[in-house]
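Presented below is the structure to which this report refers.
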Amino acid sequence: MTRQSPPIESDPSGRATLHVNGVDLHTDLSGALVWEEERLVIVSDLHLEKGSSFAARGVLLPPYDSTATITRLAAVIARHNPRRIIALGDSFHDGWAHLRLPEAERAAVAALQRGRDWIWITGNHDPELPRDLGGTIASDIGIGALTFRHEPTGSAGEIAGHLHPKARVSTRGRAIDRRCFACDGQRAVMPAFGAYTGGLSIRHAAFAKIFRSLGFMAHVLGDRRVHAIAAARCY
Amino acid sequence: MPRAASPELLDELLPEKFRQWFAAREWRARAHQLALLAKARARRSSLLIAPTGAGKTLAGFLPSLVELDLERQKPARPRAALTSTGRDVQRTGGLHTLYISPLKALAVDIARNLERPIADMALPIRVETRTGDTPATRRQRQRRYPPDILLTTPEQLALLLASDDAPLLFASLRHVVLDELHALVTSKRGDLLSLGLARLWQLAPQLRVTGLSATVAEPDELRRFLVPQMPDEINLADLVIAEAGAAPIVEMLDTQERLPWAGHSARHALGEIYDLIKANKTTLVFVNTRSQAEMLFQELWRINDDGLPIALHHGSLDVAQRRKVEDAMATGRLQGVVCTSSLDLGIDWGDIDLVINVGAPKGASRMMQRIGRANHRLDEPSRAVMVPANRFEVLECRAAIDAIAENAQDTPPLRTGALDVLAQHVLGRACGEPFLADELFDEVRSAAPYQDLARRDFDDVIDFVASGGYALKSYERFARIRQTKDGRWRVANPKVRQSYRLNVGTIVEEQMLKVRLVRSRRASASGSTGAVARGGRLLGQIEEYFIEGLTPGDTFVFGGEIVRYEALAEDEVYVSRANDKDARVPSYMGGKFPLSTYLAERVRLLLADRKAWRGLPEQVQDWLSLQRDVSQIPGPRELVVETFPRAAKNYLVCYPFEGRLAHQTLGMLLTRRLERMHARPLGFVANEYALAVWALGDMSLMIRQHRLDLDALFDPDMLGDDLEAWLAESALMKRTFRNCAIISGLIPRRFVGEEKSRRQVLFSTDLVYDVLRKHQPDHLLLRAARADAATGLLDLRRLGDMLTRIKGSIHHRELDKVSPLAVPVMLEIGREPVYGEASDTLLAEAAEELIHEATGQAFDAPISSHRK
């Protein structure tokens, strides 16, 4: 395996570029990915209605997570005006979550879908999605040199989610813990987009299976910029 | 000498059997012990204030022993026989006295001590303890056949109350003894205890409460705590003050060495500390933090040519290790113990003849209680030596010694009851007998900390416990408590009850990680963290936040050794032995307690009073004189602000003397404002006395040109919008919120069916905080967190008081170089974490570092190359 340092680019707007299998993708600070040529926006792991899912088990988390997530998604869509949107799996926290989605949020999703091609990729939390959500349902989809699926397999050109990558960086006695994209130039794992989604350290063994060495980058979501930091530097 | 009571009084209050017992031990009942007997006879609740060694605990129990002996020696009392059935079941006998202490070790120790008089006098009294360690079978039995006297903790009381049979169990209760009350009431545990008491007053109207306390600043506040309050009326328990013991002899170490400008190690005085230990039988050496304890212990052993038995004791050490040290101390096998506040309270261990306090005393009352650990005989003075670690601490030590001589107290005021604790209590109440909201509201307000509770807050708590308290009413079907047809609230299902039991209590522990010693793996630093050999000897536990700040390869002191941080895997930290002479990572976090407001005031007065300087070491006098010559000595009510350039940066140093926590908050807010005023601030450090901010902009010039107005910069209005904006992202605020979320029962620490406590709480409370702030900013938990922030980690109240005090009294000095008074805080730069820098800057720096690395080296080079 060649140890070529992954390309690092940043731009004054805070936007960074991920090169994956020859394709340039832009990062959005919210944790979304943008493929400009295709006018495509990708978001992963929305986990809608995670709050009510916990509430049913007696943990009464604030019931505002779906609203928060969809509002942020609407902002991303307004920023990039995509033709197509891919929700990369685990869009709903459990098999009944879509039934619990409040009417207002359901309408908000429908409004976002209008005039756009919307693809729900199924995930382990939502393996069976109902037809009435609007959009197309698929287990994976290939576009050009890239394949979009929920659970990463490590194959070249794959954009996946599922792992909720986050990176912890420490400097000068302070540790900063942030969501990030993990990318080695061949494949990428996206951060979770949902308001109630936690993270898994990119130093966890699960990432070693996808990237095989520590020669990958964490594109860490800062407050105003995305920072490219070597995975080996994070923990 | 303690005054003996008059013989008639003695006869009347103390039965013959007891008098003989006292006589056989050549003891005399002390005046305050008899006073409590008299109060008991008059059915009065009372507060006993007594110094250590005054027989406080015996005084608390004596009335119960006498009463039980009289009542229960009646022939053939059937133990806990039921005299009727149903709701109004009464037992003869049953639980008579409940003793509650903050430490379970103390409960166990007291039980042992009580056994002696009971056995000697053959009293028909059964004493038992109930703590988290008590086996389930015994707890079951205690419910059915309660002992006469039960010794327990506030958490166990809450559990006992949260059951259907609580009315039966407590109906017979006559007496509650609260030990170390001064320590209990300063925390949320005190709130929980007060609510438990309020319940007990309902279940057992004949109840008397006795509080045992060290000397406090405001005894009336503790007296309120002991009796039921009425909405517009303050009720006080009676007060009994024991004779004071001999005044302690407290000195400041008159060091022959050069006094350091900064730092907290007191390394300069090491030899002198060692000599003191050598010259005494048993010495307790108190320090403020775990890492100071570690450092001092290690340094003492480095010079321990006589092989003196010196041990280490702090809260992070393994429990077994701590017990070993305590036992060795009790049997007089140790000559010195280096310890933290872990030994502030608790059992009396053998004959301690000297207390050394290294570093800042922080508060006068705290110091007196520590000094009281030496010599538990009342008529002999305790001896203590204070060892300041730097020049500012000399001032603080001087102020503390003067305060002790005047017997001035600075214990914190009684708390306002926290709403998150109330939420926990309400859920507990619903686990027992169903309650009516109106009745519970009255009951809760009988507890002193909740006397002024607003009905709106109470109703919000009920709503929160029921369905989360959200404006969006979508959780009705998941409610945890529901109203029955007659309007009473009860738990919705048995699982809620189980969950309450698993999560009771108000002590939210710092996330702790186990520390294990492994062999270094420096040769193979690649791959995931799983690569280290697991297992290894357990050294103890360490705070997660400390480890978070480290990079693998960093060295620090732990368990008396210098270790290298290797890796983190789940809830364990792997460290290896390091050969470094000095640990790289200093970790002085100032300890849990900030400098008390009272002591800070005294330090300011001392500074301002030239004549008082004579009581200070010459080196310190010289230092202050120099400050007066080149700048200014801060007056008691004013704030001195100095600005000066240094090494291409511009500094602003001020001296509020309000403690590190308030200074940190001030630093955060000042840097925000300086940013807006285009001074381009870069960061700040704070210590207990001063705050230093540095910037790219020339602040001296800006002030001269009126582009920077210090009055505006320090205006109290910073506690408005600036504070709100900062709170949104403040890690300290998030930590505060997390505690409230856990205590209130929103986020369980433990799940039913998964009883083992887990390292991570189930759900990141930071995410909840963000969402709640945005969508329901007045939610009960955010209100609770803000109330905590006023006095807790952010110390907002104190900051606000200071800003108001100095308004209009800011004195600016433009200097061309650092002033003598500024040196200590300037020296902290580089030792303390730097705050105030945006995360983006730090992340960008990490990314920069990477570029250097990436161009020259392979990615899997040893991470330890980051070491400075």
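All of the numbers you see were taken from the coordinates with simple rules; none came from a lab. Quantities reported herein were computed from a predicted structural model and do not represent experimental measurements. FYI the Cβ positions are ideal-geometry reconstructions off the backbone, even for glycines, and counts take in every protein chain you see.
General remarks:
- Amide H to amide H, with H built 1.01 Å from N, B:Gly683 comes under 5 Å of B:Trp694, counting only residues 5 or more places away or on other chains.
- The long axis of helix A:65-80 is offset from the longest Cα principal axis of chain A by roughly 60 degrees.
- Additional length obtainable on full extension of the chain from B:His706 to B:Glu257, 0.36 nm per residue less Cα span: 157.1 nm
- Taking a point 7 Å out from the Cα of B:Arg637 in the direction of its Cβ, the residues of region B:797-818 whose backbone N falls within less than 16 Å of it are B:801-811.
- Scaling the Cα radius of gyration of region A:174-225 by the globular reference 2.2 N^0.38 Å produces a ratio of 1.16.
- Share of alpha-carbon pairs per 10 Å distance bin for chain B, given as whole %: 2, 11, 19, 24, 22, 14, 6, 2, 0, 0
- The value for the protein assembly as shown of Rg(Cα) / (2.2 N^0.38 Å) is 1.01.
- The calculated FRET efficiency for the pair B:Glu12 and B:Asp220, based on their C-beta separation and a Förster distance of 25 Å, comes to about 0.25.
- Distance between the pseudo-spin-label points of B:Gln140 and A:Ala78 (7 Å out from Cα toward the beta carbon): 6.2 nm.
- Whole-Å semi-axes of region A:68-138's equivalent ellipsoid (Cα gyration tensor): 19, 14, 11
- Proximity of backbone amide H atoms, modeled 1.01 Å from N, is registered between B:Ser596 and B:Gly363 at under 5 Å, excluding neighbours fewer than 5 places apart on the same chain.
- Building the convex hull from the alpha-carbon atoms of chain A and averaging its projection over directions returns 13.0 nm².
- Rounded to 10°, Cα long-axis angle of helix B:104-120 versus longest principal axis of chain B: 30 degrees
- Across region A:211-219, coupling constants 3J(HN,Hα) worked out from phi with the 6.51/-1.76/1.60 Karplus curve, θ = phi - 60°, read 9, 6, 9, 7, x, 10, 10, 9, 9 Hz, and Gly and Pro carry x.
- Label point distance in nm, B:Arg43-B:Asp766, each placed 7 Å from Cα along Cα→Cβ: 5.8 nm
- Computed from the C-beta positions of B:Thr416 and B:Glu601 and an R0 of 22 Å, the FRET efficiency is 0.45 to the nearest 0.05.
- In angstrom, the C-alpha Rg and Dmax of region B:90-131 are 11.6, 33.
- ³J(HN,Hα) computed for each position of region B:242-257 - Karplus, 6.51 cos²θ - 1.76 cosθ + 1.60, integer Hz, glycine/proline x: 6, 4, 5, x, 4, 5, x, 9, 10, 10, 9, 4, 8, 6, 8, 8
- Cα principal axis extents for region B:280-334, largest first, Å: 28, 26, 15
- Note on B:Leu308 and B:Asp232: the model spin-label points, each 7 Å out from Cα along the C-beta direction, lie 6.3 nm apart.
- Amide H within-cut-off set for B:His812, under 5 Å, with H built and near neighbours excluded: B:Val641
- Solution diffusion estimate, µm²/s, Stokes-Einstein, region B:186-328, Kirkwood Rh from C-alpha pairs, 37 °C, viscosity 0.692 mPa s: 164 µm²/s
- Förster-model FRET efficiency, 51 Å R0, B:Ala330 and B:Asp721, C-beta, rounded to 0.05: 0.35
- With respect to chain B, whose longest principal axis is taken over its alpha-carbon atoms, helix B:796-806 is tilted by about 60°.
- Over the residues of chain A, the helix contribution to mean residue ellipticity at 222 nm works out to -5000 deg cm²/dmol, using -39500 (n - 2.57) for each DSSP H run of at least 4.
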